[in-house]
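Comments concern the structure below.
The values are calculated or read from the model by the stated rules, or taken from the named source; none is laboratory data. Predicted model, so just to flag it, every value in this text is computed and none were measured. Counting neighbours? That spans all protein chains shown, and the Cβs are built from the backbone with ideal geometry, glycine included. Only protein heavy atoms, including side chains, enter the accessible area calculation; ligands, DNA and RNA are left aside. Shrake-Rupley method; radii C 1.70, N 1.55, O 1.52, S 1.80 Å.
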Amino acid sequence: MSTDTEFHIHHDSAEKVGRRERLGVRLLIVADGSFVFGMIFSWFYLRNLNENNAWLPKGVHTFTTASGYTAAIGLIIAALAHRAGEMNHGLRRVSSIVVFLALLIGAVYQWHQMAHMPFIAHDDNGRPFYNGAYASNWVLVAGANMFHYLLGAFVALGLVIRGYRTKLDPVLEEWRQRTAGSWFTWIAISGILCAIAASFK
Amino acid sequence: MTTLSHAPVSTRPIPNPKRSLITRLNMGTGIIVGAIFCWGTYYAMRAGRDMTDSHNVNKVLLASMLMWSFGFLVGIGALIGPFRWLIGKDLTAEEQLYLAGDGQGVKRYFKYCTDHKVVGIQYLVGVMTMLGVGGTMAMMIRTNLATPGSHLVTPNVYNSLVGLHGITMIIAMIIVATGPFGNYIMPIMIGARDMAFPRLNALSWWVLFTAIPVLCSAWFLGGIPTGWTAYAPLSDQAGPGMNAFLATIIIFAVSTAVAGMNITTTVIAMRAKGMKWNRVPIFVVGATISVALAIPAFPTFMLAMIQTGMDRTIATGFYDANVGGSGWLYANLFWIMGHPEVYVILIPGVAALMEIAPVFVRKPLFSYNAAIAGFAGIAGLSVLVWAHHMYMSGWMPSLNGPFMITTEFISVPTGLLFLVLVGTLWRGRPWMKLPMLSVYAFLWNFLIGGITGVYLSDVPADNYLHGSMFVTAHFHYTLMGAAFTGAMAGLVYWFPKMTGRMLNERAGYIAFWLIQIGFNVLFLGMFMAGAEGQPRRVADYAFVYEHSNMISTAGAYSVGIGMITLLWAVVHSWRNGKIAPMNPWGAKTLEWTVPYPVPLENFDVEPIITSDPYGYGKAAN
């Protein structure tokens, strides 16, 4: 084993560093989870309040029920592909590439969805606005998905590149795969939760 | 408390740093790149946009502010680590040692330095600066309120003063103990060689640093009219200065999440051998519970700010009732964070005092388990009380009763904290040094803050007192009278370890009494005004409140002079103070076993913990 590019000035074993990194990421998932919980709370709060009957004003077009799930498909595929790579080391390089591509394509799709939202209206001066609380919540959920796609793609790209480098500590890299797995699993769950919320029009 | 094993920590020779990009980046390059990103974004986004449309103005300003923060991080080198990770070329030993600031003297304080002790000092200086700025605004507020009909500032400027004083102080108080002491002292206290994620540790500080000019820019953009709570829909409609507030909170929430994750991971995963959970110093427990509470709490505040930002920039309607939004949504999201945040501030201050009390009465901490139960109980209940801030808003009156009960119930774990401190002092012979005085000051201040809190948690009483100066006085008693007093004690107590010098005692005593007496005069006067009915956040008042306001302003000036004296004592002692011995207080926790300056990796040999940290007065110790 060569560790030319992997060195810890505090001399802890790769095992310890790996466990620590996983714990750190899980704590960040708690923070992100709180944010997602807040979004879902906002969705149902404003939906049930239906202030001025403007949750979904008359004549406003909506996404289909499936739209939330299609937006999350990239996240789900990425999590599954990463899990497959974890279970079968022979597939790891391929699975890393699949994860990256799934997240990249998912991000492009999410961007497309955001650019073609059916509920953007225009005021008397021709300025666009999101008509109804449903529309406001949708754009927020889409934005959060987009954030997850981009951050996930960054991590996935790192794993792809690192998978081809030989001078890395294999024990630590194994831990980083697991740590990344925690993140990919979480963003898939988050995507599904948001999709479930978004299916309540 | 400890024995030291003789296994060497490090055998690897320290290589010379290479001249690479990392060595050329510092705060100056950060500011330059940040300014380029900021102005570049500003001019690029302005082009072709109708800048008479407030949505466009908000879009351009908010993006420019966030790009300033991002650009600064690029310029100071914060993203080198992630980028190198991405391309599979991790930082070399030389680069990691360089980032740790090894052998760089004062320059490392202006760099992206990963040494937790440097980050601790950066936080300390940052906190003192923020307290200075926030305190100056407080003095202007009190001066304006000294007499009725005063026109020192216009009502609009007064509103901005109140809001910016509030948010500056809230941010400063959130980090006042966990920033400097959580970073500098806590890793040494648990026998760790550094924080779990040194680069993220530096990131948490420098991200926070970028928020300071953003918040200050609010003044040049017309200020904020909303108070620190930034209630919607007022914040939706406010002028361009509001963007600075939103950007500050978004940046601060990122910093808090990173710092909270780092401190929690460090304490869970990096304690010295033999440091079981019942041997962890109480300050470490308190700081960890506090930041762990912040991890889920602050994202909801960030969400509320993002929703406000979206309303202001792309015309969503989260808080606009015309398009299905509701101000109550904001109030809920804000206070779901807002009340735990009070305890995020309070717990580390109380924990610092619990750390100090046994040292100065030479007795074990009375009921360590009760202290843990108190902290845990407060943290647990704090997420179930948020709607007591909304009794009078009309939101869900049927829930007022349940929230009143949960709020009043929180006085039980809070009472445990009192019991622990009083039990520790009981029949002790206190060594009346400056840190110890703060323990008594805390008990007095927090008793008043706590009891008045019970009034405010009571729905009928809150019906009368809500929105009055009584509320302002109450939360200042808890945040300043309790949490700040604890942090001040921590500063005096750990000053010798952080600077190698003793704090000037005479100046410290003068500052202490000026602050504590002035504080009580100031806020007891404010209780009076509030009980008489004076509303808060109003630039002028009726003559009937004249005397209580005059008393409050006199107290404020005493606090102000005390703070200046404290600042002088800190600066003077840091430069010219008496050289401190390694363990001036005769304490038993690990930080007092290392010399000053503390070595890069804290310990020459790994500590092994064999007993609890409060074994004073026991024969075996």
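One residue alone among A:Ala133, A:Ala115, A:Ala142 is open to solvent by 50 Å² or more (accessible area, probe 1.4 Å) and either within 30 Å of A:Asn48 (Cβ to Cβ) or within 11 Å of chain B (Cβ to nearest Cβ) (or both), and that residue is A:Ala115. Does A:Tyr109 fit the bill of being surrounded by 14 or more Cβ atoms within 10 Å (Cβ to Cβ), part of a helix (DSSP H, G or I) and more than 11 Å from chain B (Cβ to nearest Cβ)? Judged against the criteria, A:Tyr109 is a match.
If B:Tyr109 meets every condition in (1) of a type in the set (Ser, Thr, Tyr); (2) buried (at least 19 other Cβ atoms within 10 Å of the Cβ); (3) modelled with pLDDT of 95 or more apart from one, which number is that one? Result: B:Tyr109 passes all but (2). Of the residues making up region B:604-621, just one is crowded, with 20+ Cβ neighbours inside 10 Å and aromatic (Phe, Trp, Tyr), namely B:Tyr614.
Here is the figure for region B:26-58: residues that are free of Cβ contacts under 8 Å to residues at least 24 places away in the same chain and in a helix (DSSP H, G or I) total 6.
Please go through region B:423-446 and pick out each residue that is within 20 Å of B:Ala473 (Cα to Cα) and open to solvent by 80 Å² or more (accessible area, probe 1.4 Å).
We begin by selecting, within region B:423-446, every residue within 20 Å of B:Ala473 (Cα to Cα); these are B:438, B:440-446.
Correct list: B:Tyr440, B:Trp444.
Selection of region B:253-286 for residues being more than 13 Å from chain A (Cβ to nearest Cβ) and buried (at least 24 other Cβ atoms within 10 Å of the Cβ) yields B:Met275, B:Pro281, B:Ile282, B:Phe283, B:Val284, B:Gly286.
Scanning region B:380-402 for residues that are closer than 28 Å to B:Leu421 by Cα and open to solvent by less than 20 Å² (accessible area, probe 1.4 Å) yields B:Ser382, B:Val385.
Is region B:306-327 home to any residue that is within 23 Å of the chain's Cα centre (by Cα) and on the phi < 0 side of the Ramachandran plot?
Within region B:306-327, one or more residues are within 23 Å of the chain's Cα centre (by Cα) and on the phi < 0 side of the Ramachandran plot.
Restricted to region A:41-71, and to residues there that are surrounded by 18 or more Cβ atoms within 10 Å (Cβ to Cβ), among the hydrophobic types (A, V, I, L, M, F, W, C) and in a helix (DSSP H, G or I), the residue that is nearest to the other protein chains (Cβ to nearest Cβ) is A:Leu46.
Would you confirm, using the coordinates I've provided, whether A:Glu6 is open to solvent by less than 60 Å² (accessible area, probe 1.4 Å) and either at pLDDT below 95 or among the small types (Gly, Ala, Ser) (or both)? Spelling it out, A:Glu6 is indeed open to solvent by less than 60 Å² (accessible area, probe 1.4 Å) and either at pLDDT below 95 or among the small types (Gly, Ala, Ser) (or both).
One residue stands out in region B:228-244 among those that are in a loop (DSSP other than H, G, I, E, B) and within 13 Å of chain A (Cβ to nearest Cβ): the one that is most open to solvent (accessible area, probe 1.4 Å), namely B:Pro233. If only residues of region B:558-603 that are among the basic types (Lys, Arg) and surrounded by fewer than 16 Cβ atoms within 10 Å (Cβ to Cβ) are counted, the one that is nearest to B:Ala357 (Cα to Cα) is B:Lys578.
In summary, A:Gly38 fulfils each of the numbered conditions (1) free of Cβ contacts under 8 Å to residues at least 24 places away in the same chain; (2) touching a Gly at 6+ places or on another chain (Cβ under 6 Å); (3) open to solvent by less than 30 Å² (accessible area, probe 1.4 Å) with the single exception of condition (2).
Look through B:Pro607, B:Pro595, B:Pro599 and report the one residue that is within 14 Å of chain A (Cβ to nearest Cβ) and not in a helix (DSSP H, G or I).
Step by step, each of B:Pro607, B:Pro595, B:Pro599 is checked, and only B:Pro599 is within 14 Å of chain A (Cβ to nearest Cβ) and not in a helix (DSSP H, G or I).
Scanning region B:518-569 for residues that are of a type in the set (Ser, Thr, Tyr) and in a helix (DSSP H, G or I) returns B:Tyr545, B:Ser548, B:Ser552, B:Thr553, B:Tyr557, B:Ser558, B:Thr565. Taken over region B:197-206, residues that are aliphatic (A, V, I, L, M) and open to solvent by 10 Å² or more (accessible area, probe 1.4 Å) amount to 2.
I'd like to check which helices (runs of 4 or more DSSP H) are fully inside region B:453-505 and have at least 1 residues that are within 19 Å of B:Phe181 (Cβ to Cβ), touching a residue at least 60 places away in the same chain (Cβ under 8 Å) and more than 18 Å from the chain's Cα centre (by Cα).
Per the criteria, B:485-499.
Tallying residues that are within 18 Å of A:Val30 (Cα to Cα), over 12 Å from the mean Cα position of the chain (by Cα) and more than 13 Å from chain B (Cβ to nearest Cβ) within region A:145-180 yields 1. Just the residues that are among the hydrophobic types (A, V, I, L, M, F, W, C), open to solvent by less than 10 Å² (accessible area, probe 1.4 Å) and at the interface with chain A (Cβ under 9 Å from one of its Cβ atoms), please, taken from region B:302-314. Hits for region B:302-314 are B:Leu303, B:Ala304. Scanning region B:309-335 for residues that are hydroxyl-bearing (Ser, Thr, Tyr), in contact with a Phe, Trp or Tyr (Cβ under 7 Å, 6 or more places away or on another chain) and in a helix (DSSP H, G or I) returns a single hit, B:Tyr330. Tell me the helices (runs of 4 or more DSSP H) entirely within region B:75-194 that contain at least 3 residues that are in the same structural domain as B:Pro213 (by TED's automatic domain parsing). In region B:75-194, the matching helices (runs of 4 or more DSSP H) lie at B:116-144, B:155-175, B:180-184, B:186-189.
Here is a yes/no grid of residues against (1) under 25 Å from B:Trp444 (Cα atoms); (2) at pLDDT 95 or above; (3) surrounded by fewer than 19 Cβ atoms within 10 Å (Cβ to Cβ):
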{"residue": "B:Thr499", "(1), (2), (3)": "no, yes, no"}
{"residue": "B:Leu503", "(1), (2), (3)": "yes, yes, no"}
{"residue": "B:Tyr509", "(1), (2), (3)": "yes, yes, yes"}
{"residue": "B:Ile515", "(1), (2), (3)": "yes, yes, no"}
{"residue": "B:Gly518", "(1), (2), (3)": "yes, yes, no"}
{"residue": "B:Val521", "(1), (2), (3)": "yes, yes, no"}
{"residue": "B:Leu524", "(1), (2), (3)": "yes, yes, yes"}
{"residue": "B:Ala529", "(1), (2), (3)": "yes, yes, no"}
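In this structure, B:Ala247 does satisfy being over 17 Å from the mean Cα position of the chain (by Cα), in a helix (DSSP H, G or I) and either within 19 Å of B:Leu346 (Cβ to Cβ) or away from chain A (no Cβ under 14 Å) (or both).
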